[in-house]
There are 2 protein chains.
Amino acid sequence: MNKRANPVLHRDDPDKAPLHGHVKVTREDWLNVARDALVNDGVGEVKVLTLGERLGVSRSSFYWYFKSRKHLLEALLDDWEQRNTQLIITNTELPALNITEAACNFFRCFVDPSQFDQGLDFAVREWSRRETSVRLRIDAADTARIAAVVRMFQRHGYSDYESDTRARIIYFMQLGYHALEVRESMKTRMGRLEGYLLGFTGVAPDPEALKTFIDFAQSIDSHG
Amino acid sequence: MNKRANPVLHRDDPDKAPLHGHVKVTREDWLNVARDALVNDGVGEVKVLTLGERLGVSRSSFYWYFKSRKHLLEALLDDWEQRNTQLIITNTELPALNITEAACNFFRCFVDPSQFDQGLDFAVREWSRRETSVRLRIDAADTARIAAVVRMFQRHGYSDYESDTRARIIYFMQLGYHALEVRESMKTRMGRLEGYLLGFTGVAPDPEALKTFIDFAQSIDSHG
DNA sequence: AAGGGCCTGGACAGTCTTGTCCAGAATTTT
DNA sequence: AAAATTCTGGACAAGACTGTCCAGGCCCTT
């Protein structure tokens, strides 16, 4: 289903390439295949044996780098936390002449796969439904993200109340959009952008900001 | 995490209550605990042994009613399909004097847990991410639901284009809202309703329709 | 109350998983 | 070059799960 480059031993340093028989991996390698399994198959499929097979290495190796499977999952969670939330907050705080531009800034990181890892975010969200500790962390992340979007609307003259509801609409919709794993073409996506912005902001989108964003999205699409 | 009444042998017919030692269950019982496990713990936790323990029955019994675990999952999917989608479509087609009333009709089934089983819907959605066959079925469901909401906007004078984007906003947001598993009080939820409706429809909500819906939601909350 | 079909319990086999132990290969340090 | 350290392979133990087989308990019909 969800394809992404399979990070099976593609380390940067060619000196550490395997020789013959006795393959060596790093802690990073284990983490990478684990993240990949988490995103594509869910936390339940993050199995030591499977990861080892993907790395072409015995299971025993795993226990050198991690105390147990539980510790690996913990590391995975730390890894996620350092990536996504701060990115959204930064984007909502970028300078913008009008609310259209501001909203487009918000969308920027979601359109560009190299910025926000939607698969990872959603995998962690799914995981959080079953693990209270994970749930607490993602709840805090959501709260912080929504608060940032609320401030964005406030800076552009919306009342506290309207900022609150509009922020939730735009953030929840972004989540719902991804929950469906919509695989629309970028062209289709951009075709609806004007209508979305009208709904989100309540005003006709600024044509200048709209065009700038669409150009950005197209460039991502072609050689991103 | 997700609590719901544990349907552990609460059949309607008291005549079939267990006697002593030799407990009897029905195919429905297996399906019910299976659905419960699916919703609360995910498809991965729908295990014959676990379900049997919950029913207070040996695993062997299972294989009388179902050929295999796979067949149980298939039955679970059929069960879901018969519940949720048609309900949404019906609600969008209810007579409404204005778009506010229409949107509230759409929300009705989501506010009332006895109507739309959000937990089940989301569990199937999660399941669909890993099983292509499930994915196909839920994609068809989403398409049908969105199309129904589009028609709703069209009937209230929105252009085809605006109906399309607004329908997606309202449907995606509904999904995103649930993806977060927000556990707000009904009061908090209704407090934001006016702002949500403004965002969705682009016009100030009709006070009459707004009040009617809030009253309905409150009544659900108290003794629903 | 005897027979027969419906349904369950328990035993068994097979697979997959985590985690431990230790010999020894590969690499680095001395 | 020897010694120490780092890391892997393979064997072993234990537990969870699926699916099969069949004796026999329960209940309904006759």
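The values are calculated or read from the model by the stated rules, or taken from the named source; none is laboratory data. Treat the numbers as computed from the prediction; the structure is a model and nothing was measured. Every residue, glycine as well, gets a Cβ built from its backbone with ideal geometry; the counts of neighbours run over all protein chains shown. These accessible areas exclude ligands, DNA and RNA; they are computed on the full protein's heavy atoms, side chains included. Shrake-Rupley method; radii C 1.70, N 1.55, O 1.52, S 1.80 Å.
Structural remarks
- On inspection, A:A148 does not qualify as small (G, A, S) and under 16 Å from the mean Cα position of the chain (by Cα).
- Checked against (1) within 16 Å of DNA strand C (Cβ to nearest atom); (2) closer than 30 Å to B:H223 by Cα, B:N84 passes all but condition (1).
- Residues of segment B:181-224 classified as crowded, with 18+ Cβ neighbours inside 10 Å and among the aliphatic types (A, V, I, L, M), total: 8
- Taking the listed residues B:A140, B:A167, the one that is within 18 Å of A:R183 (Cβ to Cβ) and either open to solvent by less than 10 Å² (accessible area, probe 1.4 Å) or not β-branched (V, I, T) (or both) is B:A140, with no other qualifying.
- Test for A:A123: is it assigned to a helix (DSSP H, G or I) and small (G, A, S): yes
- Test: residue in segment A:46-62 that is within 14 Å of another protein chain (Cβ to nearest Cβ), in a loop (DSSP other than H, G, I, E, B) and either within 12 Å of DNA strand C (Cβ to nearest atom) or modelled with pLDDT of 95 or more (or both): yes
- Subset of segment A:168-190 (residues that are part of a helix (DSSP H, G or I) and within 9 Å of another protein chain (Cβ to nearest Cβ)): A:R168, A:I169, A:I170, A:Y171, A:F172, A:M173, A:Q174, A:L175, A:G176, A:Y177, A:H178, A:A179
- Output for segment A:23-45, where each listed residue is within 13 Å of DNA strand D (Cβ to nearest atom) and either away from chain B (no Cβ under 14 Å) or of a type in the set (S, T, N, Q) (or both): A:V23, A:K24, A:V25, A:T26, A:R27, A:E28, A:D29, A:W30, A:V33
- Looking only at residues of segment B:66-95 that are open to solvent by 30 Å² or more (accessible area, probe 1.4 Å) and assigned to a loop (DSSP other than H, G, I, E, B), we find that the one that is farthest from DNA strand D (Cβ to nearest atom) is B:P95.
- Test: residue in segment B:148-161 that is assigned to a helix (DSSP H, G or I), touching a Gly at 6+ places or on another chain (Cβ under 7 Å) and open to solvent by 50 Å² or more (accessible area, probe 1.4 Å): yes
- Given (1) under 26 Å from A:A144 (Cβ atoms); (2) touching a residue at least 24 places away in the same chain (Cβ under 8 Å); (3) over 21 Å from the mean Cα position of the chain (by Cα), number of the condition B:G195 does not satisfy: (2)
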